[in-house]
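**Q** I'd like to ask some things about the structure below.
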Amino acid sequence: MPSLPAATKIVTLDESGKQLGSVQLARQIGDWQDQGIREIRFLIGAADGLTTEERASADLSIAFGKATWPHLMARAMLAEQLWRASSILANHPYHREG
């Protein structure tokens, strides 16, 4: 894996990762922003999953449940969660909170 700028975090999507709610993910991203992190790279495994090296490089590993998802579906779900996180961090009302 190529070297990363200092202000970069790696997040893997892996079935053994933490199952974070949308608010938890938003808070993690917000905490990283507050720490000066400028870039978050998300790794989605290929057909055979992530390599040992990729898993070891992760600052955080998250799961979208225990099910196996097609790569394009995982990308769509990640995009939606990032949109939701940015909305939560911008203080838009979140209908599931409270």
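**Q** Can you tell me which residue in segment 59-69 is modelled with the highest pLDDT, limited to those that are more than 10 Å from the chain's Cα centre (by Cα) and small (Gly, Ala, Ser)?
**A** For segment 59-69, the residue satisfying everything is Gly65.
**Q** Also, I was wondering about something else. Any residue in segment 91-98 that is among the hydroxyl-bearing types (Ser, Thr, Tyr) and part of a loop (DSSP other than H, G, I, E, B)?
**A** Yes.
**Q** Related question: Could you look through segment 60-69, keep only residues that are hydrophobic (A, V, I, L, M, F, W, C) and surrounded by 12 or more Cβ atoms within 10 Å (Cβ to Cβ), and pick out the one that is farthest from Ile40 (Cα to Cα)?
**A** Trp69
**Q** Return a yes/no flag: does segment 16-34 have any residue that is of a type in the set (Asp, Glu), modelled with pLDDT of 95 or more and in contact with a strand residue (DSSP E or B) (Cβ under 6 Å, 6 or more places away or on another chain).
**A** no
**Q** Let me ask something else about it. Given the options Gly45, Gly17, name the one that is surrounded by 12 or more Cβ atoms within 10 Å (Cβ to Cβ) and in contact with a His (Cβ under 9 Å, 6 or more places away or on another chain).
**A** The conditions single out Gly45.
**Q** Being among the small types (Gly, Ala, Ser), in a helix (DSSP H, G or I), in contact (Cβ under 8 Å) with a residue 40 or more places away in the chain and more than 18 Å from Ala6 (Cα to Cα) is the requirement here; does Ala79 meet it?
**A** Spelling it out, it is not the case that Ala79 is among the small types (Gly, Ala, Ser), in a helix (DSSP H, G or I), in contact (Cβ under 8 Å) with a residue 40 or more places away in the chain and more than 18 Å from Ala6 (Cα to Cα).
**Q** Hey, among Leu50, Leu72, which residue is surrounded by 17 or more Cβ atoms within 10 Å (Cβ to Cβ) and over 12 Å from the mean Cα position of the chain (by Cα)?
**A** Leu50
**Q** Separate question: Restricting to segment 15-42, name every residue that is of a type outside the set (A, V, I, L, M, F, W, C) and assigned to a loop (DSSP other than H, G, I, E, B).
**A** Passing the criteria: Gln19, Gly21, Gln35, Gly36, Arg38.
The values are calculated or read from the model by the stated rules, or taken from the named source; none is laboratory data. What you see is a predicted model; the values in this text were computed from it and never measured. Quick reminder, even Gly has a Cβ in these numbers, built from the backbone with ideal geometry, and neighbours come from all protein chains shown.
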